[in-house]
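Contents: one structure, followed by commentary.
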Amino acid sequence: MNFEAFRSLFGTNNNNKNVGLLFAALVCTIMPLEISQLAFALIGALAYGMLQAFNPRPAKTNCQLAAEREHTDRVRATRTSAPRGGTRHAESLWRGNAPRTPNSQTVKAPRVPTPVVRPEVYQASSVPVCAPKFASSGWEAEVNELASQLAPGAGEDQTIQRLVAHVTQTIKAIFPDVEVSGFAHGSLTCGKAFGVAVPEVDIVANVTPAALAQRLQQRGGMKIDMKKIQKSAVRMCTDRLVAQGGLKFRRSAFRGEEPRVTLLVPSSLGFCKEAIPVDFSINSVTPFYTAALLTECGQMEPRAKALILLVKRWAKDRGICHAAKGHLSPYMWSLLAMYFMQVGVEEEGPLLPMLECFKISCLKPNTKGKSSSPPLGPKKTGADDAAKLSIGQLFGKFLHFYSQRFNWTGEAISIRAGRRAPPSLSVPLHVILSEDGNTRVGPAIEDPFKADNNLGTCMNPVSLTRLHEELTRGNELCMRSASLTELLQPWVPVEDKPEGTSPRSTASGSSPVEDDLTRSTSDP
């Protein structure tokens, strides 16, 4: 008897006749059996029940539960589709082509699933994050004070190396030939708001694909899906780092091209006086690119590295740096700052050259032809140093450039080209569908090491609106010479309060990710 039959018999609306039929069927089944057969059947049932009681199923780990929730959200997101034809029309406008006439043949675009965008809500926190306070006074002095605090010091580099050794020792039982690398993209103690959601430390385990497939028991004759193998390996290492290494699981991010998890290194392990959030991944390349680009920018132009760190800190405090919510990641904000220093500083000219002049450019694939961007001019020295823009002035011009001068729908951010121009035809179009059915063209951020990849496809209607709001707000504050404390006021979602009150700029507000210190979740 199948499940539907039992459901019909034991439903809330069944009658006594159904129960009687079931009882009669059971009697007819048991009557032909002898007493000894019934006794053996009863003993077997009791033995099976005892075995199940003494051997319960192992509880699922936080990483497994997060993966199941992520799969459920992905299935739910695919049920929502974009209207046909809207994507092709938006692409025509974005590329500068004239729309088709009513008499021309219309080609219907495929159904594009839109992810479910959950609005952020205000959550009270027992440890609210307040705006930073400075011992200095004045915009320039405050910026210089913060810039000196954002860069990691020698002591923090030693802490990362000790943490790398700890992670290596912990996961060697799974992958004996693993090589672990650690990267500190900023100070370990200076990231306050959204510090757990957007860690400043990356821990990358490098394992050969053959070792991954062998450890996960993949047969050679089967088609190997390296993406699934990579996710399974991350889960396996995460479970061991939590159970044997003493780290704490916080969240998973398996939707992107590089699966990773966020872990918390508690202060009890002795690595740092404060808990350190880290991103752990396997065979990821983005942390290498981020560290290499930041290092080279600092060697070419010290102000460039300071500006990148300042931009990322501002984006993090204002809540537009959390990739899981559809915002730009810290790596993308670094690209925006570098592109600005290539094309947006009119007073001094380009502060950074195009990507071909970087040492790391040898890692990018060969492209047909060469960029027409002019080479970087000679550096000003001596008396010209007094005419150089300060870090505070560069940051203000960064906000003005992207809020007033840059055309987000008609230009592409490309440090490979190093010049203002429309996006290349190889860059995929990203059309953002709003809840009301309207479409907008998303930002075109070219991947420096993969020209046909648009990094801006992570954005959604909510994050795109927030991006423009924060750029406009920052530019207005800089125009009226506001303090850096006011500019870096931690952002919180709007709370359901009477009109005229808003916690968006209150010092006692809390970020919605602060409570991750005591909560394990997956990416929404």
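Brief remarks follow.
- Per-residue packing, averaged as other Cβ atoms within 10 Å, sorts the ranges 316-326, 135-145 into the order 316-326, 135-145, beginning with the highest.
- Taking the number of Cβ atoms within 10 Å of each Cβ as an exposure proxy, the fewest-first ranking of 308, 432, 229 is 229, 432, 308.
- Residue 140 paired with residue 206, simple spin-label distance in nm, labels 7 Å along Cα-to-beta-carbon: 4.4
- Net charge in the neighbourhood of residue 203 (other residues with Cβ under 10 Å of its Cβ; Lys, Arg +1, Asp, Glu -1) is -1.
- Burial ranking of peptide ranges 467-480, 334-347 (average Cβ count within 10 Å, highest at the top): 334-347, 467-480
- Proxy reagent accessibility, fewest Cβ within 10 Å first, across 40, 401, 358, 54: 54, 40, 401, 358
- Euclidean distance of C-alpha centroids, region 285-322 and region 422-439, integer Å: 27
- The stretch between residue 436 and residue 295, if pulled fully straight at 0.36 nm per residue, gains 46.3 nm over its current Cα-Cα span.
No value in this document is a laboratory result; all are computed from the given coordinates. Owing to the predicted nature of the structure, the values given are computational and were not obtained by experimental measurement. Methodologically, a virtual Cβ is constructed for each residue, glycine included, from the backbone with ideal geometry; neighbour enumeration extends over all protein chains shown.
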